[in-house]
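The values are calculated or read from the model by the stated rules, or taken from the named source; none is laboratory data. Being a predicted model, the structure only gives us computed values, none of them experimental. When we count neighbours, we look across all protein chains shown, and the Cβ atoms used for this are built from the backbone with ideal geometry, even at glycine. Surface accessibility is based on the protein's heavy atoms, side chains included, excluding ligands, DNA and RNA. Shrake-Rupley method; radii C 1.70, N 1.55, O 1.52, S 1.80 Å.
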Amino acid sequence: MIKVLNNIFVLEGKNIQYAFGPYKGLLRHIYFGNKADEKDFEHFEIRDISSNDSSCDIAWEEYTPWGGLRYKEPAVKVRFSDGTRDLVLEYDGFAIEEDVLRIMLKDKFYPIAIFLNYKIYEEYDIIARWVDIKNLGEEDIFIEKAYSCEINIDGTGYNITNVLGHWVGEGRRFKQRLDGGKLILESRKGNTGHNNNPYFILDIDANEDKGEVYFGALEYTGNFKILVEATPYYYTRLLMGLNDFDFEYKLKPSEALILPKAYIGYTDKGYSDMSHRLHRFVRDIILPVDLRNSLRPVLFNSWEATLFNVKCDEQIELARKAKDIGCELFVVDDGWFGERYSDSAGLGDWKVNRHKFPNGLEELIHEVNGLGMDFGLWIEPEMVNPDSELYRQHPDWVYRFNNRELTTSRNQLVLNLSLNEVKEYIFNVLDGLLTNYNIKYIKWDMNRPFSEAGALNLDIKEQKMIWFLHSKAVFDLIERLREKHNGIEIEACASGGGRMDFGVLNYFDEFWTSDNTDALDRLFIQESVSYIYPAKTMRCWVTDCPNFINGRTIPLEFRFHVAMMGSLGIGGNINKWTKEEIELAKEKIKQYKEIRHIVQKGDLFRIKSILKDEIHAIQYVYQGESVVFVFKLYEKFGRKQYKVKLKGLNDDKIYEVKYSDKIVRKGGAYLKNVGLELILDGDFSSQLIRLKEI
Ligand code: DGJ
C-alpha cells in the first residue's frame, strides 16, 4: 500500500514500512523498518555541527545529486552540454500509476527530470526501486553516475555480507563490519563475475533466527556497484546500481534512461526470514513466466563425463543409462560443433561436427526422445575462438583495437554485441537450432570476462555504454527467442557461477552454480548462494570421484544428498558406474522426485553450518511437508550421535518422521525444542529426514 500524509510518502507491506518526503528543499528519507503508525512520521531537523560539516551530508537524502555542499558519494552525477557539472534537484510532485509511486525531481535551471520509482510487493515485504532520467531539453545531457537506489539507516558498525569468490570458489562468503569509511562491492568484468555478487546484507548482530537485517539485490547482470558508507554523522548509506567505472551515458533530447531495478527489504527475524522473502519473491515474481511454476527436471549433463570428446555412440549409451536411473532431460555440453576438440578452436561455428555425429544431432535426439527424455544443448553464443570459421570470416566482429594485440582468455574473444549483424547472427544460430531440432533446454555459457571494451569498433557513439548494452543485447536475444519458442528452459552459466543475479533470473530459468562439483566444497557454495537465491534456481550435479578439482573422494550417497538440495543433475560418467552405484542412483533420483516440490518450492532453513558446527543441516518446509539433509564431514573422537532441532514446523501438529530406517510420530513443538537424535557413522556420512504433517 502507498500512503501519502502531510507530504510524507509511506510504503507499507505486510510487516514493513518505508517513509520519506520533501522537506525544506531536500527529498529526505525518514524510516525503513517494521511498522509504526504512519500518522506519527515526521521529519527530523538537521543537527548542524559546524561550517565544515555540510547539512546536506548530515541529511538522509533519498537520492543524492552531486553539487553544492555535498561530499558523500552521490547517487547521480551529470554534465550538461554547456559543461556545467552540477545538479540542484527540487521536488516537483508525485503520481501513483499502477501501484508505482513516482516522485519527480527537476533541476532548478536545466531541463532534466529524475523520476524515483517505488513499488511495494506487500505479500513479500519487498520494495522495488528504480530510477528513470529524462532529458527535457534540446541538448544532450551526459550521465556520469546513476545508481538505482540509495538507502539511509541509523547508526554505523553494520556487518556487510557478500562473497569474495573466484572460479570454483563462488561460495567464499565474508562478513565485514563497517565502522567508518566506505566499502565497495562491484564487477568491472562486463558480466557479474565470481568475485562479488550484486546483493547486500546489512546487520548488526543478526543470526539465522533473529536480529535486524537490511537486504537487497540488483536486477542486473554486468558491471554493478554497491557502495556502503559509514558516515561521520552517525548513519550508514548504501548505494546500489550500475558501476560508474568507465560509465557515461549520453542522454539525447526527449530520451529517458531507465536504470535497473533494485529490490530491498528489511526483517527483524534474522537471515532465515530474509532468505524466505527473497526466495519466494524470485520464484513468484522474478523468474520468467513460462516455467515459473513448474518443477525443474532431473537432468544429465555430459560435461564432466566426456568433456570435449562428445561422440554420438557414447552419448547414446549415456542417454540410455540416464533414462535407466531416472533422468528426464539429457544435455550435451561443449564439444558437439565445429572443430571443437579442445577449448582452442571452434567457438562460433555452431554447426554439428560430422565426425562426432555422422548422422547429425538427429540420431541422438531421436534416441533421447524415444527414451522419453527431453534434449538440451550447450552453447556459448557471445564468444568466438580465433581458430574458427566465424572469426576467419569476420575478424571485425569482436571487440578489438586495430593497433594492439587481441587479448584472448581460454583462447577466445568476446563478440561485439553492439553490431546488429552480430546480434542477428546469434539470433539466427539459436533460432535455427531450436527450429531444426527438438531442443527443450539451452545451457548458455560465457567463459571469459570482457577486454577491449574501450575499442573503437562499436556501433554506438557512447563508447562507455558498451558494458550496459552488451548485457541488454543478451537479454534482448533471449526475449526474442522466448517469443518464438515457448517453454524452453534456459540455464545461465559463466564458467560456473559468474552469472548469478536477479538480472539473469529475470530471463533465464536457473544458473549453473559452480564448476566446483566436489560435494564438500559444494556445501559451502550452496549454503552461501542460499542466502539470496532459491534452491530451484541452483543447478547441482552428482559427479565422479576423485573430483577433478581436488582429487577428493566422497561416498556417492553424500554426493547425491548435496546435489538434491538444489535442482538435481547428474554429471558423472554413468557408463562407468558400477551396478551398485546405478542402483543407488535410481533410488536417490526416485526419492528426489518425491521431495523435489519441497526443495524447489519450500522455505529453506540453515539449521547447522559446517562453517561453525560439527555437522551441516539444511531443512526445507513446504505446506505441511519437510525434508532435512544432514551431513557429517569427518568423525571426531568417535562421536556418532547428534541432535538436530527442526524449524518451520507447526508446534501443534503431529508429524510422521522417516529417518534412519525408522518411522516415528512426533509433535512440531517436540521436533523444534527437543529435536531428533541422529546417528551419523564415520567420515562423510549423511542422512535424509522426511516429515509429513498428519
Ligand atoms: C564452463 C561451464 O561452467 C562448464 O559446466 C562447461 O559447460 C564448460 N564451460 C564447457 O566449456
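Residues in the stretch 561-584 that are over 21 Å from H276 (Cα atoms), within 29 Å of the chain's Cα centre (by Cα) and not in a loop (DSSP other than H, G, I, E, B): H561, G569, I570.
Among the residues of the stretch 521-560, those identified as over 22 Å from the mean Cα position of the chain (by Cα), part of a helix (DSSP H, G or I), surrounded by fewer than 24 Cβ atoms within 10 Å (Cβ to Cβ) and in contact (Cβ under 8 Å) with a residue 40 or more places away in the chain are E557, F558. Residues in the stretch 455-502 that are more than 16 Å from the ligand (Cβ to nearest atom) and more than 26 Å from G216 (Cα to Cα): 20 in all.
Of the residues making up the stretch 355-375, those that are in a helix (DSSP H, G or I), touching a residue at least 60 places away in the same chain (Cβ under 8 Å) and not hydrophobic (A, V, I, L, M, F, W, C) are E362, N369. In the set (1) within 16 Å of the ligand (Cβ to nearest atom); (2) within 21 Å of C493 (Cβ to Cβ), L390 fails one condition alone, (1).
If you filter the stretch 354-397 down to residues that are among the aliphatic types (A, V, I, L, M) and closer than 23 Å to L477 by Cα, you find that the one that is surrounded by the most Cβ atoms within 10 Å (Cβ to Cβ) is V384. Taken over the stretch 193-207, the residue count meeting the criterion of being in contact with a strand residue (DSSP E or B) (Cβ under 7 Å, 6 or more places away or on another chain), in a loop (DSSP other than H, G, I, E, B) and surrounded by 21 or more Cβ atoms within 10 Å (Cβ to Cβ) is 4.
Here is a yes/no grid of residues against (1) within 16 Å of the ligand (Cβ to nearest atom); (2) basic (K, R):
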residue	(1), (2)
R404	no, yes
E421	no, no
G432	no, no
P449	yes, no
A453	no, no
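So, in the stretch 575-627, exactly how many residues are in contact with a helix residue (DSSP H, G or I) (Cβ under 8 Å, 6 or more places away or on another chain), closer than 18 Å to F300 by Cβ, open to solvent by 20 Å² or more (accessible area, probe 1.4 Å) and not charged (D, E, K, R)? Total satisfying the criteria: 3. Looking at the stretch 121-131, can you tell me whether even one residue there is closer than 18 Å to P232 by Cβ and either assigned to a strand (DSSP E or B) or without any contact (Cβ under 8 Å) to a residue 40 or more places away in the chain (or both)? Checked against the condition, which is being closer than 18 Å to P232 by Cβ and either assigned to a strand (DSSP E or B) or without any contact (Cβ under 8 Å) to a residue 40 or more places away in the chain (or both), the stretch 121-131 yields no hits at all.
Residues in the stretch 212-241 that are open to solvent by 10 Å² or more (accessible area, probe 1.4 Å), among the aromatic types (F, W, Y) and under 23 Å from the mean Cα position of the chain (by Cα): Y214, Y220.
If you take the residues in the stretch 647-673 that are out of contact with any Phe, Trp or Tyr (no Cβ under 8 Å at 6 or more places or on another chain) and within 19 Å of S609 (Cα to Cα), which one is surrounded by the most Cβ atoms within 10 Å (Cβ to Cβ)? The qualifying residue surrounded by the most Cβ atoms within 10 Å (Cβ to Cβ) is K672. Against the numbered list (1) more than 17 Å from I133 (Cα to Cα); (2) part of a loop (DSSP other than H, G, I, E, B); (3) aliphatic (A, V, I, L, M), V10 comes up short only at (2).
Could you check, for the stretch 180-187, whether at least one of its residues is assigned to a loop (DSSP other than H, G, I, E, B), in contact with a Phe, Trp or Tyr (Cβ under 8 Å, 6 or more places away or on another chain) and either in contact (Cβ under 8 Å) with a residue 24 or more places away in the chain or within 18 Å of K77 (Cβ to Cβ) (or both)? Taking every residue of the stretch 180-187 in turn, at least one turns out to be assigned to a loop (DSSP other than H, G, I, E, B), in contact with a Phe, Trp or Tyr (Cβ under 8 Å, 6 or more places away or on another chain) and either in contact (Cβ under 8 Å) with a residue 24 or more places away in the chain or within 18 Å of K77 (Cβ to Cβ) (or both). For the stretch 503-515, the set of residues classified as of a type outside the set (V, I, T) and either within 10 Å of the ligand (Cβ to nearest atom) or in contact with a Leu (Cβ under 8 Å, 6 or more places away or on another chain) (or both) consists of G503, L505, N506, D509, F511, W512, S514, D515, listed by residue number. Residues of the stretch 74-88 that are buried (at least 22 other Cβ atoms within 10 Å of the Cβ) and in contact (Cβ under 8 Å) with a residue 60 or more places away in the chain: P74, A75, V76, V78.
Just give me the residues in the stretch 246-270 being surrounded by fewer than 24 Cβ atoms within 10 Å (Cβ to Cβ) and over 28 Å from K189 (Cβ atoms), in sequence order. Result: K252, P253, S254, D268, K269, G270. Looking for something more than 25 Å from K210 (Cβ to Cβ), in contact (Cβ under 8 Å) with a residue 40 or more places away in the chain, within 28 Å of the chain's Cα centre (by Cα) and outside any loop (DSSP other than H, G, I, E, B) - is there at least one such residue anywhere in the stretch 640-657? The answer is no; no qualifying residue exists.
Of all residues in the stretch 40-60, one or more are under 33 Å from the mean Cα position of the chain (by Cα), within 17 Å of I151 (Cα to Cα), in contact (Cβ under 8 Å) with a residue 12 or more places away in the chain and open to solvent by 40 Å² or more (accessible area, probe 1.4 Å).
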